[in-house]
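Only one structure is covered here, and it is reproduced in the block below.
Nothing in this text is a laboratory measurement; each read-out follows from the coordinates by a stated rule. Since we're looking at a predicted model, the values are computed, not measured. Here the Cβ is made from the backbone with ideal geometry for all residues, glycine too, and neighbour counts use every protein chain on show.
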Amino acid sequence: MKFFPKLLHILTTTTLLYSCSITPKTQNYTDVTFDCSRETTISVRFYEDQALALLTYQNQTSKLQQKPTASGFYYTNMKTSLRGKGDEITFTIGRMTPLTCIAKS
């Protein structure tokens, strides 16, 4: 009987920590929708003050961290990446052929 309350506490704590880790700290963001090659669309919510982007592709959301670049921008989570400058980006997931995308106006 003592095991169950401890397990419940661990599961609750883990769930709360996970939800906090996905939710950005502020609501200061910019939403951009991109039209990509192969008739694909992606949506990205950029949190500039946190060096963070939330990418939505095929109903899946990925959290990407900004990394330093010589010019332009680069966001990655080691599996998915966005790299670009201005309104044009290159979007890659794993070993998939990169998609070229342009921001909708």
Angstrom value of the Kirkwood radius, inverse mean 1/r, which spans all Cα pairs in region 33-105: 12.2
Set of aspartates and glutamates near Lys79 by C-alpha distance (under 13 Å), chain-local residues within fewer than 8 positions excluded: none
Magnitude of the charge dipole, region 26-103, Cβ model with Lys/Arg +1 and Asp/Glu -1, debye to 20: 400
